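The values are calculated or read from the model by the stated rules, or taken from the named source; none is laboratory data. This one's a predicted model, so the numbers in the text were calculated from it and none came from an experiment. Glycine also receives a Cβ, built like all others from the backbone with ideal geometry; neighbour counts cover every protein chain displayed. Remember, those area values only see protein heavy atoms, side chains included, never the ligands or the DNA or RNA. Shrake-Rupley method; radii C 1.70, N 1.55, O 1.52, S 1.80 Å.
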Amino acid sequence: MAEREVGVIGGASDYPGGNVLPKSPEDESSESPASQHSQDLKSILVTSVLNLEKLDVDLYRGTHHWVPRSQRLFGGQIVGQALVAAAKSVSDNLYAHSLHCYFVRTGDPKVPVLYQVDRIRDGRSFTVRSVRAIQHGQPILICQASFHMLQPSPLQHQFTMPVVPQPEDLLTGEELIRLYLSKPNLAEKFKQGLNKLLANEVPIEIKPVNPPHFYRLAATEPKTLFWVRARGYIGEGNMKLHCCVAAYVSDFAFLGTALLPYPDYRAQFSASLDHAMWFHTTFRSDEWMLYECESPWAGGSRGLVQGRLWRRDGVLAASCSQEGVLRVKPVTEPSKL
Ligand SMILES: CCC(=O)SCCNC(=O)CCNC(=O)[C@H](O)C(C)(C)COP(=O)(O)OP(=O)(O)OC[C@H]1O[C@@H](n2cnc3c(N)ncnc32)[C@H](O)[C@@H]1OP(=O)(O)O
């Protein structure tokens, strides 16, 4: 077996020129209270999921950590790994600013994924890579990623971050499930479902801003807000790596936003068809970021979702878009109690 490279993406330190792209306040000191949460446990996203094995020039192999209940590979994992592969072939002064991916086949959790990088163009300011994720000799994902060197500009604006409770005042996904499990007379079937969710070793932490009401699933507008970060410590520096982690994180619970107005239906078949991201500035993916998701449209068995990842100091870190196939059927299940 080929030896794993040391570090996920070698060499790149953080963006230089903090006057152009403001640093996260949590970057200023690795001892800041917010970053002390998990320094003793390195994120498995760094040590395993995004730590690709180099097989040859521009050819890498990635393995899986968490596989969703659908037994299809998690789209965020494939996108994150593809971006790692692309980033390995660009110089340290270039930073991912966007990626555009199509999920063309279901990922098979039983075998690893190969990532073949094509060096499409090395320009003066922009560099473009194309990555094919391959299983069983066929592409499962095609990804174009573009990298840019820092170029200051007087043009600078962004939307305003929504005002929400801070993550310290909210429960984690696991704490919410435990709370649901403590409800008396819970049907055995639902207990089992919740316990399975608890056993999931998802390498990211989530704190929903408006957790769903356990007893009554009401139709809501297709908008959701949650705090999210990588589980475990990654540390400052290596902005390329934080972008790859954000790519992983950004696909989590994203498409579900399009189902929020339809509690009387459940997804019989849902899968992301494409995923696009734009990275705007520095951030730390192991620090809480607010993920603001909305679905402006659904129809014809498809749904469109758009997301914004906010640093907790109110700086817009990244934007995302995704379309997915959504085939639903009416809910006929009995009460949870
Ligand atoms: C968190 C979200 C994620 O991470 S999802 C993971 C990332 N995304 C993916 O894995 C998607 C990968 N891409 C694919 O699998 C394919 O490109 C997809 C999207 C399925 C399209 O391939 P295509 O060959 O056109 O499939 P398809 O849509 O015809 O069939 C897929 C399954 O749906 C069924 N289907 C089809 N039409 C209907 C219909 N009208 N009503 C009900 N079901 C329908 C098909 O029978 C097929 O089902 P099955 O897979 O055979 O069980």
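Per residue, what accessible area does region 238-337 have, given a 1.4 Å probe and all protein chains present, in Å²?
Solvent-accessible surface per residue comes out at 35 Å².
Please state, as a whole number in µm²/s, the translational diffusion coefficient that the Stokes-Einstein equation yields for region 189-320 at 4 °C and 1.567 mPa s, with Rh defined as the Kirkwood radius across alpha carbon pairs. Working shown, then result.
Details: Rh = 16.0 Å.
Stokes-Einstein gives a translational diffusion coefficient of 81 µm²/s.
Can you compute the FRET efficiency between R105 and L197 using 1/(1 + (r/R0)^6), with r the Cβ-Cβ distance and R0 = 35 Å? Round to the nearest 0.05.
Working: r = 27 Å, r/R0 = 0.77.
Using R0 = 35 Å, I get an efficiency of 0.85.
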*Under a Cβ-Cβ limit of 4.7 Å, which cysteines in the chain have nobody to pair with?*
C243, C244, C293, C320
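So, with +1 on the Cβ of K and R and -1 on the Cβ of D and E, and no other charges, what is the size of the charge dipole of region 179-291 about its Cα centre, to the nearest 20 debye?
On the way: 12 positive and 10 negative charges, 74 e Å.
Once rounded to the nearest 20, the dipole reads 360 debye.
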*Using Cα centres only, tell me the gap between region 125-146 and region 166-231 in whole Å.*
34
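Show that you can apply the helix-only estimate: for the chain, add -39,500 (n - 2.57) for every DSSP H stretch of four or more residues, divide by all residues, and state [θ] at 222 nm to the nearest 500.
Computed ellipticity for the chain at 222 nm equals -4000 deg cm²/dmol.
Starting from the Cα-Cα distance between W297 and S130, subtract it from 0.36 nm times their residue separation and give me the gain in nm to one decimal.
On the way: separation 167, 0.36 × 167 = 60.12 nm, distance 2.89 nm.
Between W297 and S130, full extension yields 57.2 nm more.
When ranked by the protection proxy of mean other Cβ atoms within 10 Å per residue, highest first, what sequence do the peptides 95-107, 244-256, 145-157 form? Please report the intermediate quantities before stating the final value.
Values: 95-107: 19.6, 244-256: 25.0, 145-157: 12.7.
Put in order of decreasing packing, that is 244-256, 95-107, 145-157.
Share of the chain's accessible area from carbon and sulfur, percent, 1.4 Å?
Details: 8720 of 16320 Å².
Roughly 53 percent of what the probe reaches on the chain is carbon or sulfur.
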*Looking at region 150-234, which chymotrypsin sites (Phe, Trp or Tyr not before Pro) are DSSP coil and have at most 14 other C-beta atoms within 10 Å of their C-beta?*
F159, Y215
*Where nothing but the Cβ of Lys and Arg (+1) and of Asp and Glu (-1) is charged, how large is the charge dipole of region 173-240 around its Cα centre, in debye to the nearest 20?*
160
_Selection from S89, A145, V315, by position along the positive dipole direction of the chain (Cβ)_ = A145
*Once fully extended, how much extra length lies between R266 and D169, figured as 0.36 nm per residue of separation less the alpha-carbon to alpha-carbon distance?*
31.9 nm
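Kindly provide the GluC sites (Glu not before Pro) of region 170-237 that DSSP labels as loop, not H, G, I, E or B, and whose Cβ sees at most 12 other Cβ atoms within 10 Å.
On the way: sites: E174, E175, E188, E201, E205, E236; in loops: E201, E236.
When the GluC sites (Glu not before Pro) of region 170-237 are filtered for loop state and at most 12 Cβ neighbours within 10 Å, E201 remain.
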_Using 23 Å as the Cα-Cα cut-off, could you pick out the over-long pairs in K54/K240; K183/K207; K196/K223; K110/K329; K88/K207?_
K196/K223; K110/K329; K88/K207
_Calculate the FRET efficiency for F159 and T220 from the Cβ-Cβ distance with a Förster distance of 30 Å, rounded to the nearest 0.05._
0.90
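Rounded to the nearest 20 debye, what is the charge dipole size of the chain about its Cα centre when +1 sits on each Lys and Arg Cβ and -1 on each Asp and Glu Cβ? Walk me through the numbers before you get to the answer.
Details: 35 positive and 34 negative charges, 239 e Å.
So the magnitude is around 1140 debye.
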*To one decimal place, what Kirkwood hydrodynamic radius in Å is obtained for the chain from all pairs of distinct Cα atoms?*
20.8
